[in-house]
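Taking it in order: structure first as structure tokens, then the write-up.
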Amino acid sequence: MSDKSAQANRYAQAVFQAMLERWQTALGQVSDVLSKDKTLAPALQDTSKSVADKSAMLQATLPPDTPLEVSNLLKLLIQAGDLDLLPEIGMALTQAATGTVAPAQAEVTSAVELSPEEQEKLRSSLSAQYGDGLVFSFHVDPALMGGLRVRVGDRLIDTSVASRLSALRESLTAAVR
């Protein structure tokens, strides 16, 4: 790589880092505003208010130096009803910039407490299926009545008795109509 090319890459990296820091700061400020103002978040979720009213309410509480791009993103999130995704967007932005991927969450819910052996079997089975690096959490929900509900990332495997009964109820109701 030539000296000019290396120098250009350093400048480009500096510009990229500055843009990333600007976005992270702005998104952090928005998250702070939403967490401090206990009336703002419910007002932004109110379906009786127009998108323009919600955007104006949020804009009024933001620092004046909020970048236009961030304001536009917030308007889009309000319009889509996805403002609660703000923390995840910040994490995804950092992951995209650094090229890293956060470990996938594996949430296992059972009707009864699983023994350590059963938990280990599930860990090895899910790791074989989804890859190493899963972060496991085990929960008990007696409402499942039996079976398991496993969520890995955005995938859901539901073998619970409750979901099977619900599916049966739906099919019987559809057949009667």
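Please find, among 125, 55, 48, the residue that is assigned by TED's automatic domain parsing to the domain that holds residue 25, part of a helix (DSSP H, G or I), more than 18 Å from residue 23 (Cα to Cα) and over 20 Å from the mean Cα position of the chain (by Cα).
The match here is 55.
What residue, of 107, 88, 118, is within 30 Å of residue 149 (Cβ to Cβ), part of a helix (DSSP H, G or I), in contact with a Ser or Thr (Cβ under 9 Å, 6 or more places away or on another chain) and not aliphatic (A, V, I, L, M)? Let's see the steps before the verdict.
Details: 107 fails: part of a helix (DSSP H, G or I); 88 fails: in contact with a Ser or Thr (Cβ under 9 Å, 6 or more places away or on another chain).
Residue meeting the stated conditions: 118.
Select, from 94, 61, the only residue that is touching an Asp or Glu at 6+ places or on another chain (Cβ under 9 Å), among the β-branched types (Val, Ile, Thr) and outside the structural domain of residue 141 (by TED's automatic domain parsing).
On the way: 94 fails: touching an Asp or Glu at 6+ places or on another chain (Cβ under 9 Å).
Going through 94, 61 in turn, the sole match is 61.
Tell me which residues, restricted to the stretch 70-111, are modelled with pLDDT of 85 or more, over 20 Å from residue 156 (Cβ atoms) and among the aliphatic types (A, V, I, L, M).
Within the stretch 70-111, 70, 73, 74, 76, 77, 78, 80 meet the criteria.
The values are calculated or read from the model by the stated rules, or taken from the named source; none is laboratory data. All figures in this text were calculated on a predicted structure; none of them were measured in a lab. Don't worry about glycine lacking a Cβ; one is built from the backbone with ideal geometry, like all the others, and counts go over all protein chains shown.
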